[in-house]
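Notes to accompany the following structure.
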Amino acid sequence: IIGSHHFVFEDEKCTIPVGKEELFRNLPEEYSHLYLGIEGKLAAVICIEDPLRPEAPEVVKALRKAGFTQIVMMTGDSDRTAKVIASKVGVDEYFSEVLPEDKASFIEKEKADGRKVIMIGDGINDSPALSAADVGIAISEGAQIAREIADVTIGADNLYEVATLKELSNSLMARIHKNYRMIVGINTGLIILGVAGIIPPTTSALLHNTSTLWISTKSMKNLLDKEEV
């Protein structure tokens, strides 16, 4: 049999050979572990390197700066591996040895508590959680089912795009609210001036159309322009 720690030791009741306990306790923590059992005895541990994306720590910082209040990592890997990765990335909380339904249940609970949840995933096991989240984001090189279920698929294989997407969304909403206030303010002023007889209807119409063109022109500027944000 071959599988996870839970499957091999808890479900299949495999045991560690006598004299190998120290070797088992000192398995390298930076790797994911796949356990091989033969006739009820642990025969080998396969160490699989799943390297951390180099941009991940900086992306977590950027997301927190963009307004995310809680960043959680959920993985099916062992607790030892998850703990090492979580410390390198800098997440607020991590969960290890979770099943696909566990990820979805966590998201449903967070939503029930009144939080908005964004899920980022690229695997088949992430599909239920991507579907349960308020916004599911898939990576372009991930599993096809994940891309189909997700609300957003990032074209570049780079997690920085997630931070860019959040910045873009924040800038868009800020511009919408700014334009709304300007339009309401200008139109209200024109109506008051027209009712008071200060300006004729033709002048009011001219000013209204001019302001519309002006606001439309300003709205065409790059949303990621720092000066606009």
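The values are calculated or read from the model by the stated rules, or taken from the named source; none is laboratory data. This one's a predicted model, so the numbers in the text were calculated from it and none came from an experiment. Cβ placement follows ideal geometry from the backbone for every residue including glycine, while neighbour counts extend to all protein chains displayed. Side chains are part of the model used for accessible areas, which takes the heavy atoms of the whole protein and leaves out ligands, DNA and RNA. Shrake-Rupley method; radii C 1.70, N 1.55, O 1.52, S 1.80 Å.
None of Gly114, Gly121 is farther than 22 Å from Ala56 by Cβ, out of contact with any Asp or Glu (no Cβ under 6 Å at 6 or more places or on another chain) and either without any contact (Cβ under 8 Å) to a residue 12 or more places away in the chain or buried (at least 19 other Cβ atoms within 10 Å of the Cβ) (or both) except Gly114. Within the range 49-78, being open to solvent by less than 30 Å² (accessible area, probe 1.4 Å) and either within 24 Å of Glu101 (Cα to Cα) or outside any helix (DSSP H, G or I) (or both) holds for Glu55, Ile71, Thr75, Ser78. Note on the range 195-204: residues that are on the phi < 0 side of the Ramachandran plot and either aromatic (Phe, Trp, Tyr) or exposed (fewer than 13 other Cβ atoms within 10 Å of the Cβ) (or both) total 6.
Pairing residues of the range 9-25 that are in contact (Cβ under 8 Å) with a residue 24 or more places away in the chain with residues that are among the β-branched types (Val, Ile, Thr) and surrounded by 11 or more Cβ atoms within 10 Å (Cβ to Cβ), at Cβ distances under 6 Å and at least 6 apart in sequence or on separate chains, gives Glu12/Ile1; Cys14/Val8.
Among the listed residues Leu36, Leu42, identify the single one that is farther than 24 Å from Ala133 by Cα, of a type outside the set (Lys, Arg), without any contact (Cβ under 8 Å) to a residue 40 or more places away in the chain and open to solvent by 40 Å² or more (accessible area, probe 1.4 Å).
Details: Leu42 fails: open to solvent by 40 Å² or more (accessible area, probe 1.4 Å).
Going through Leu36, Leu42 in turn, just one is farther than 24 Å from Ala133 by Cα, of a type outside the set (Lys, Arg), without any contact (Cβ under 8 Å) to a residue 40 or more places away in the chain and open to solvent by 40 Å² or more (accessible area, probe 1.4 Å): Leu36.
Each row is one residue, and each column tells you yes or no for (1) of a type in the set (Asp, Glu); (2) closer than 22 Å to Met74 by Cα; (3) at pLDDT 90 or above.
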residue: Ile107; (1), (2), (3): no, yes, yes
residue: Gly123; (1), (2), (3): no, yes, no
residue: Ala133; (1), (2), (3): no, yes, yes
residue: Ala146; (1), (2), (3): no, yes, no
residue: Asp151; (1), (2), (3): yes, yes, no
residue: Arg181; (1), (2), (3): no, no, yes
residue: Val184; (1), (2), (3): no, no, yes
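If you filter the range 138-185 down to residues that are of a type in the set (Lys, Arg) and out of contact with any strand residue (DSSP E or B) (no Cβ under 9 Å at 6 or more places or on another chain), you find that the one that is most open to solvent (accessible area, probe 1.4 Å) is Arg181. Selection of first residues in the range 70-97 that are on the phi > 0 side of the Ramachandran plot and of second residues that are hydroxyl-bearing (Ser, Thr, Tyr) and surrounded by fewer than 18 Cβ atoms within 10 Å (Cβ to Cβ), restricted to Cβ pairs under 8 Å at least 6 apart or on distinct chains, gives the following pairs, ordered by first then second residue: Glu97/Ser4.
Is there a residue in the range 6-13 that is open to solvent by less than 30 Å² (accessible area, probe 1.4 Å) and under 30 Å from Ala174 (Cβ atoms)? No: the range 6-13 contains no residue that is open to solvent by less than 30 Å² (accessible area, probe 1.4 Å) and under 30 Å from Ala174 (Cβ atoms).
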